[in-house]
Amino acid sequence: MANLNVNIDHVATVRQARLTVEPDPVWAAVECELAGAKGITMHLREDRRHIQERDVELVRKVSKIMLNLEMGMTEEMVNYALKLVPDMVTLVPEKRAELTTEGGLDCIKLEKTLKTVVAKMHKKGIEVSAFIIADPNQIAACAQAGCDAIELHTGPYANARTKKEIITRLDELETGLECGLNAGMVVHAGHGLTYRNVEPVADMTGFCDFNIGHGIISRSIFTGLRSATKEMIELIRR
Ligand code: PXP
């Protein structure tokens, strides 16, 4: 049965819109925990546009559930993660101008750096996941670099508009899932998943965690975060 990690970045986005103290992502983490989420995902971006160090550090101290730190493979972020020691890091490509993480990490091109980062994280007991498109060559490069897990980018599926493209994207995810499991890695999925599109992906057997943010935080404005989180967990497990 797959689990849900709630990405709480956009709670911080609302706070940063006014550079004030609320809403507090730490409160959000507690609400997600009370709703039954397996973990909290936070992306500490280079430009600190939403999540701040203070948020990550307090969530690390207060929350009893898994902390998944999303990060770019910069020297600054690697050193930060080694000091913080989250349960897992998810390595993502990061571009300053993007609205959200766009493509997957190119683990073929970055294999050498990836290997070094994985070894450093493992020394501290931190699990490593890489956010990639569902491409067998990318999956093989992650396994080769020693990643514990991969997170398959569900954005192309979420953005597909025709029935034909949706089916193609779902097939790619299913093949990627099988490929990742056969390579001995844990397979997660995320990006662009909503209450309307999560079920066909959740129906695939083998995914471990879903990392979902924008959809849950959007709904929480109307229903509250605890209820929005519970509703997503129910959909994933139905
Ligand atoms: N997984 C990764 C690697 C991401 O970068 C993001 C967005 O921060 C998510 C999952 C969550 O995506 P969304 O906010 O669209 O649910």
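All of the numbers you see were taken from the coordinates with simple rules; none came from a lab. Worth saying up front: this structure is predicted, and the values here are computed from it rather than measured. Quick reminder, even Gly has a Cβ in these numbers, built from the backbone with ideal geometry, and neighbours come from all protein chains shown.
Using a Gaussian network model on the chain with a 10 Å cutoff between Cα atoms, which of ILE150, ILE108, ILE139 fluctuates the most? Taking springs between Cα atoms under 10 Å, the residue moving most is ILE108.
When the alpha-carbon atoms of the stretch 49-129 are used, the pair Rg, Dmax equals 12.8, 37 angstrom.
Full extension of the chain between GLU46 and PHE222 yields a length gain of 60.3 nm, computed as 0.36 nm times the residue separation minus the alpha carbon distance.
Sorting the segments 112-121, 67-76 by their residues' average number of neighbouring beta-carbon atoms within 10 angstrom, most packed first, yields 67-76, 112-121. For LYS95, the lysines whose Cα falls under 26 Å of its own Cα, not counting residues fewer than eight places away in the same chain, are LYS83, LYS109, LYS112, LYS115, LYS120. Shape of the stretch 1-87 from its Cα gyration tensor (a ≥ b ≥ c, root eigenvalues): rounded if a/c is under 1.5, otherwise prolate when a/b > b/c, or oblate? Because a/c hits 1.5 or more and a/b fails to exceed b/c, the stretch 1-87 counts as oblate. On a per residue basis, the convex hull of the C-alpha atoms belonging to the stretch 107-185 measures out at 77 Å³.
Legend note: in the chain, cysteines whose Cβ sits 4.7 Å or more from every other cysteine Cβ are CYS32, CYS107, CYS179, CYS208. Straight-line reach from LYS164: taking Cα to Cα under 22 Å and skipping same-chain neighbours fewer than 8 places apart, no lysines fall in range. When a/c reaches 1.5 or more, the comparison of a/b and b/c decides; with that in mind, is the stretch 121-238 rounded, prolate or oblate per its Cα gyration tensor? Judged from the Cα gyration tensor, the stretch 121-238 comes out oblate (a/c at least 1.5, b/c at or above a/b). Which of rounded, prolate or oblate describes the chain when judged by the alpha-carbon gyration tensor and an a/c cut-off of 1.5? In terms of gyration-tensor shape, oblate.
Computed from the C-beta positions of ARG54 and GLU75 and an R0 of 22 Å, the FRET efficiency is 0.55 to the nearest 0.05. Label-to-label distance, THR113 versus TRP27, with points set 7 angstrom from Cα along the beta-carbon direction: 3.8 nm. Length gained on full extension, GLN16 to GLU98, computed as 0.36 nm times the residue gap minus the Cα-Cα distance: 27.8 nm.
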